[in-house]
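Reviewing the structure listed below.
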Amino acid sequence: MSKVLVAEDDTLLASLLVEQLKKEGYETRAAFDGMATVDEVKKWHPDVLLLDILMPGKNGWEVLEAIRADGATAATPVVIIVSNLSAQDDMDKAQQMGVKYFLVKATTSLTEIVAKVKGVLG
């Protein structure tokens, strides 16, 4: 069973994503701040990380740098950013850091987020 980690400090959105992904047959967990996200990636080794940028503790960029710098987690296969940030600079930075998709929360539905996960996991 494929594993999806939802890194999102909005607990309502995180729980909605977790429930929707579970309905689709994925093993899913949530982390609500950057430090917890790094810890979960190290312990659980998800196949997909849905990553918010604006989180307490460590922001999404710091999370991404931390997991890419650690040999045990550098190969986290797919990172999909789900953020309210929408500046081209952020999207460019995400691409340079190996992010698969950059989804803007305000214009992306839960159904679309799940569809992206399904698309990368098959």
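Considering only DSSP beta bridges whose two residues both sit in the chain, what percent are antiparallel, to the nearest 5?
If I count the DSSP bridges inside the chain, around 0 percent turn out antiparallel.
Tell me, in nm to one decimal, what length is gained between VAL104 and TRP44 on full extension, where the rule is 0.36 nm per residue of separation less the Cα-Cα distance?
19.0 nm
Per-residue HN-Hα couplings for the range 26-35, Karplus 6.51 cos²θ - 1.76 cosθ + 1.60 at θ = phi - 60°, whole Hz, x for Gly and Pro?
Going residue by residue, I get 9, 7, 9, 9, 10, 10, 9, 8, x, 5 Hz, with x marking Gly and Pro.
To the nearest 20 Debye, how big is the dipole of the chain about its Cα centre, given +1 on the beta carbon of each Lys and Arg and -1 on that of each Asp and Glu?
380 debye
If you take the Cα atoms of the chain, find Rg, then find the Kirkwood Rh from the mean of 1/r over all pairs, what is Rg/Rh?
With Rg and the Kirkwood Rh in hand, the quotient comes to 0.92.
Mind listing the phi-derived Karplus ³J(HN,Hα) values for the range 46-59, rounded to whole Hz, using 6.51, -1.76 and 1.60 with θ = phi - 60°, and x for any glycine or proline?
Each residue of the range 46-59 in turn: x, 7, 9, 10, 8, 10, 7, 8, 8, 9, x, x, 10, 7 Hz.
Can you show me the helix-derived [θ] at 222 nm for the chain, built from DSSP H runs with n ≥ 4 at -39,500 (n - 2.57) apiece and divided by the number of residues, rounded to the nearest 500.
-13500 deg cm²/dmol
Using the Karplus curve 6.51 cos²θ - 1.76 cosθ + 1.60 with θ = phi - 60°, what ³J(HN,Hα) values do you get for each residue of the range 91-98, in whole Hz, with x for Gly and Pro?
For the range 91-98, the Karplus curve yields 5, 5, 4, 4, 4, 5, 8, x Hz.
At 7 Å along Cα-to-Cβ for each site, give me the label-to-label distance between LEU12 and ALA69 in nm.
3.5 nm
Readers should treat all values here as calculations from the given coordinates under stated rules, not as data from a laboratory. Note that the coordinates shown come from a computational prediction; the quantities given were computed from them, not determined experimentally. When we count neighbours, we look across all protein chains shown, and the Cβ atoms used for this are built from the backbone with ideal geometry, even at glycine.
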